[in-house]
Amino acid sequence: MKGFSGLHPAVCFVFFVEVLLLTMIQMHPVLQAVSVGMALATLWALEGPQALRSLKGGLALGMLITVGNALLNPGGATILFTYLGGRTFTLESLLWGGSAAMLLLAVILWFRSFHLVMTQDKIMFLFGRGIPTLSLLFCMTLRFVPEFTRQLRMLSQARASMGLGLEQCRSGREKIRRGAEQLSAFLSLALEQALVTAASMRGRGYGLPGRKSYALVRMTLGSGGYLAVLLLLGGIGLAAILRGGGGASYFPSVQLAGGRMLWLGAAAEGLLMAAPVLCNAAVQLRWRRSRR
């Protein structure tokens, strides 16, 4: 049985648009913590323990951003210590860097979940009729990195089996020469596949007027109900942030918004972002009951 990924593609797309919008328009640490926590829970529900790999990489990048901002930005009223002949290391710069790192981590995790849920066929279904060229370009962009990573790995293994691998080089000059040869072969393969894809799509009449797409999904009553709830929660969260619930200022001193608007926005955002986890949990519960 399918959970959140089995809903109508429009429902999933609206969910990720709302989530990314609410994440990127504010810098309040409470709302950012909610976004990071729910993003990690969603990614865990979608791919299990493999979600820790994305978290480890994001944490390392976040630590670099946090410390780097504090070192490069001397602004702020609370000086923790000085270095390099009087350059200040301030608490406000450190906190602002941590907030920016949390924002980036949340966006990375949500885009990872987007990549798992919004597959190429769903994107083509949503936008293939209205904007066929842009939808095809978007799908090709999403698969660019994983597909070319796989091809580069296969090319490296093939050259290594012929005794031409980078690990088999005896000198640095030979390693550079073989690396250039491997890069040249990889680019030639990529260009050839691009030409084959373009010719294939042209032969199928993609983008011609009057061309229709075959849809395997229909908007059911359940998907419509999910969409209505998501729009309601997203509207409440956005209204709370716009009314000051997500206000945060770090310079010259830290000033964070509080009160009812903050907690209303946090509650609405938390329920909205927990939708995939709750949907998958409900499906699993129904499955266990049906087995009994």
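Results for (1) in contact with a His (Cβ under 7 Å, 6 or more places away or on another chain); (2) within 30 Å of Gly6 (Cβ to Cβ); (3) in contact (Cβ under 8 Å) with a residue 60 or more places away in the chain; (4) among the hydrophobic types (A, V, I, L, M, F, W, C), shown as yes or no for each residue.
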position	(1), (2), (3), (4)
Ser35	no, yes, yes, no
Gly58	no, yes, no, no
Leu61	no, no, no, yes
Gly75	no, no, yes, no
Phe81	no, no, no, yes
Leu84	no, no, no, yes
Thr88	no, no, no, no
Ala106	no, yes, yes, yes
Phe114	no, yes, yes, yes
Checklist line | Number of positions in the stretch 9-42 that are open to solvent by less than 20 Å² (accessible area, probe 1.4 Å) and not in a helix (DSSP H, G or I) | finding: 2
Notebook entry, point to check: Of Ala10, Ala45, which residue is out of contact with any strand residue (DSSP E or B) (no Cβ under 8 Å at 6 or more places or on another chain), farther than 21 Å from Met102 by Cα and among the aliphatic types (A, V, I, L, M)?
Noted result: Ala10
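Every residue, every condition in (1) farther than 21 Å from Gln255 by Cα; (2) open to solvent by less than 50 Å² (accessible area, probe 1.4 Å), yes or no:
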| residue | (1), (2) |
| --- | --- |
| Glu47 | yes, yes |
| Leu55 | yes, yes |
| Ala70 | no, yes |
| Thr82 | yes, no |
| Glu92 | no, yes |
| Trp96 | no, no |
| Leu103 | no, yes |
Check: So which residues in the stretch 16-37 are more than 13 Å from the chain's Cα centre (by Cα) and of a type in the set (A, V, I, L, M, F, W, C)?
Finding: Leu22, Ile25, Met27, Val30, Leu31, Ala33, Val34
Next item on the list: Among what's in the stretch 229-253 and is farther than 12 Å from Leu272 by Cβ and open to solvent by 60 Å² or more (accessible area, probe 1.4 Å), pick the residue that is modelled with the lowest pLDDT.
Entry: Pro252
Checklist line | From Pro29, Pro9, residue being touching a Lys or Arg at 6+ places or on another chain (Cβ under 6 Å) and touching a residue at least 60 places away in the same chain (Cβ under 8 Å) | finding: Pro9
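The values are calculated or read from the model by the stated rules, or taken from the named source; none is laboratory data. Worth saying up front: this structure is predicted, and the values here are computed from it rather than measured. Glycine gets a Cβ as well: all are built from the backbone with ideal geometry, and neighbour counts include every protein chain shown. Areas reflect the complete protein model, heavy atoms only, side chains present, ligands, DNA and RNA absent. Shrake-Rupley method; radii C 1.70, N 1.55, O 1.52, S 1.80 Å.
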